[in-house]
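Some notes on the structure that comes next.
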Amino acid sequence: MSLIKSISGIRGTIGGKTGENLTPLDAVKFAAAYGTWLKKSLGKENLKVVVGRDARISGKMIQELTMNTLTGLGIDVIDLGLSTTPTVEIAVPLEKADGGIILTASHNPKEWNALKLLNSKGEFLDGEEGAKILSIAEDEDFNFTEVDDLGEISLRENYMDIHINEVLKLKLVEADKIKNAGFKVVVDGVNSTGGIVIPALLRKLGVEVVELYCEPNGHFPHNPEPLKEHLQDISDLVVKEKADMGFVVDPDVDRLAIIDENGQMFGEEYTLVACADYVLSKTSGDTVSNLSSSRALSDVTEKHNGKYRASAVGEVNVVKLMKDSNAVIGGEGNGGIIYPESHYGRDSLVGVALFLSLLAERKQKVSELRNEYPAYFMSKNKIQLTPDLDVDGILKAVEQRHRDEQVSTVDGVKIDFPENWVHLRKSNTEPIIRIYTEAKSQQEADDLAQKMIAEIKTIIA
């Protein structure tokens with residue numbers, strides 16, 4: 001089992017030994033480190049932190065430990081209870097809070113959980129801030145408050161409704177057009193909080209909803225990463241129900257995958273492409289995604305006379321480049337939409353509303369829309385790591401082998417070939433090397449991935 005400390009948060013499996021897994025003692029230690037960092041960095045009294053969780057089985061336990069640790073430092077807590085990552089992100093500035101913590105391990109299986117940390121803007125901490133918190137956690141030099149100065153916990157259970165209303169206020173969300181389109185949508189909420197908030201948003205938009213795995217009990221009915229191989233049930237149900245489309249979210253609702261009316265994947269890479277196409281048709285500007293995302297976003301951006309830029313992988317890196325370049329929309333190719341008019345965080349609710357607005361305006365089927373975009377195919381693979389492997393050495397060897405190609409080392413190693421590309425990088429969230437490829441056919445993308453896996457194995461050997 002594992003405990004991973006990175007800019008993506010403190011992530012680990014429940015149970016086992018302290019320091020090797022996300023045990024109650026680890027949750028307390030890292031919550032204390034975050035609270036201590038907030039007090040030191042802000043240098044003020046009367047701090048306030050927003051805390052919410054997805055529906056994982058361990059969520060309530062980890063949240064109670066986290067919140068009570070913060071109150072032990074004299075920090076007041078706004079408890080959102082069951083929530084989503086983007087809901088917590090919008091709640092922080094609305095509550096004028098000093099920070100936020102989301103208890104979720106995103107797409108990881110049910111035995112995982114994590115503390116994901118936000119600043120006063122409701123955005124993820126950068127690497128420097130994260131490093132300071134990790135240092136405080138290692139030192140364990142905590143100074144808890146006296147009894148008369150303990151923080152208080154205030155329960156606010158209506159924030160998913162507030163989040164929905166904030167999305168409906170967005171200028172480009174065409175609620176009346178969506179309602180008049182008469183859409184029927186199947187929703188797979190993977191038995192987490194997406195099963196609450198996505199159907200609620202759709203019904204507000206006048207959409208007929210068919211619910212699949214929408215009970216927020218934390219028992220994920222399939223691997224919670226919204227990839228094609230995990231989504232046969234919703235694909236079959238879309239066809240059976242004669243629905244216009246299906247929406248799938250991960251447990252914390254920051255990734256959106258779409259199924260077309262024929263039960264076929266729209267392609268999680270194309271969630272961002274479609275939303276960007278819509279936004280750019282209304283708002284001139286530039287786009288950003290990470291190095292592992294599809295070339296299709298670049299193509300669509302250029303069609304609208306904008307400029308595309310690529311960042312290192314990681315939401316915080318995408319957001320930084322979006323701010324630096326004043327991008328009008330961006331995100332990640334895993335179905336994560338970042339729309340600054342709402343907030344600087346991946347948000348499936350925003351993605352749903354923008355996508356439906358596009359479809360309602362163009363009066364198209366999902367499959368017809370997909371056929372309008374450049375046909376690229378991706379293969380996403382991974383190699384499990386063991387403690388004795390020198391990952392940096394492996395990546396350096398790959399770089400050297402392909403030094404005559406166009407190579408980027410901004411984040412791992414990305415090799416751009418004339419007709420395709422491959423991106424190798426160490427994951428921030430799992431003990432693996434991620435291997436992403438893209439080409440003009442699925443077979444070509446798969447073959448390139450297998451070729452790179454074989455090459456890495458020869459290096460390891």
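The values are calculated or read from the model by the stated rules, or taken from the named source; none is laboratory data. Since the structure is predicted, the reported quantities are computational estimates derived from the model, not experimental observations. A quick note on method: Cβ atoms are made from the backbone with ideal geometry, for glycine too, and the neighbour counts reach across all protein chains shown.
Couple of notes before you dig in:
- Elements of type helices (runs of 4 or more DSSP H) in segment 339-413, at least 1 residues being modelled with pLDDT under 95 and not charged (D, E, K, R): 391-401
- Under the condition of being farther than 18 Å from K323 by Cβ and among the acidic types (D, E), the residues counted in segment 277-293 number 1.
- Cβ-Cβ distances below 8 Å connect the following pairs, each with a first residue in segment 409-424 that is free of Cβ contacts under 8 Å to residues at least 12 places away in the same chain, a second residue that is surrounded by fewer than 20 Cβ atoms within 10 Å (Cβ to Cβ) and in a loop (DSSP other than H, G, I, E, B), and a separation of six or more residues or different chains: D416/E405.
- Which numbered condition S106 fails, given (1) in contact with a Pro (Cβ under 8 Å, 6 or more places away or on another chain); (2) surrounded by fewer than 24 Cβ atoms within 10 Å (Cβ to Cβ); (3) modelled with pLDDT under 95: (2)
- Any hit, segment 310-318, residues being over 18 Å from the mean Cα position of the chain (by Cα) and outside the structural domain of P418 (by TED's automatic domain parsing): no
- L22 vs. criteria surrounded by fewer than 21 Cβ atoms within 10 Å (Cβ to Cβ), of a type in the set (A, V, I, L, M, F, W, C) and either outside the structural domain of G331 (by TED's automatic domain parsing) or farther than 19 Å from E152 by Cα (or both): no
- Residue, surrounded by the fewest Cβ atoms within 10 Å (Cβ to Cβ), within segment 300-352, restricted to residues that are within 20 Å of S281 (Cα to Cα) and hydroxyl-bearing (S, T, Y): S325
- Residue in segment 434-452 that is outside any helix (DSSP H, G or I), farther than 26 Å from Y376 by Cα and of a type outside the set (D, E) present: no
- Across segment 240-247, a minimum of one residue is classified as more than 17 Å from V350 (Cα to Cα), in the same structural domain as A175 (by TED's automatic domain parsing), out of contact with any strand residue (DSSP E or B) (no Cβ under 7 Å at 6 or more places or on another chain) and modelled with pLDDT of 95 or more.
- Some residue of segment 173-183 being loosely packed, with under 15 Cβ neighbours inside 10 Å, of a type in the set (S, T, N, Q) and at pLDDT below 95: no
- Condition check for S58: among the polar types (S, T, N, Q), crowded, with 23+ Cβ neighbours inside 10 Å, modelled with pLDDT of 95 or more and in the same structural domain as G130 (by TED's automatic domain parsing): no
- The single residue among K29, K96, K44, K39 that is part of a helix (DSSP H, G or I), farther than 30 Å from K426 by Cα, among the charged types (D, E, K, R) and not assigned by TED's automatic domain parsing to the domain that holds P224 turns out to be K39.
- Filter result for L448 (under 30 Å from N113 (Cβ atoms) and surrounded by 13 or more Cβ atoms within 10 Å (Cβ to Cβ)): no
- Unique match (being of a type outside the set (V, I, T), within 29 Å of E166 (Cα to Cα) and within 20 Å of the chain's Cα centre (by Cα)) among K60, K96, K121, K110: K121
- Within segment 135-146, none of the residues are under 30 Å from H219 (Cβ atoms), of a type in the set (F, W, Y) and outside any helix (DSSP H, G or I).
- Filter pass, V209 being assigned by TED's automatic domain parsing to the domain that holds R309, touching an Asp or Glu at 6+ places or on another chain (Cβ under 6 Å), in a strand (DSSP E or B) and farther than 30 Å from D324 by Cα: no
- Options L358, L297, L280, L272: the member that is in contact with a helix residue (DSSP H, G or I) (Cβ under 9 Å, 6 or more places away or on another chain), in contact (Cβ under 8 Å) with a residue 40 or more places away in the chain and buried (at least 24 other Cβ atoms within 10 Å of the Cβ): L272
- Qualifying position, being farther than 25 Å from N420 by Cα and part of a helix (DSSP H, G or I), among V300, V273, V318, V279: V279
- Listed by first and then second residue, the pairs with beta-carbon distance under 9 Å, at least 6 apart or on different chains, first residue in segment 189-218 and without any contact (Cβ under 8 Å) to a residue 40 or more places away in the chain, second of a type in the set (K, R), are G206/K179; E208/K184; V209/K184; V209/R203; V210/K184.
- Condition check for S294: at pLDDT below 95, assigned to a helix (DSSP H, G or I) and of a type outside the set (D, E, K, R): no
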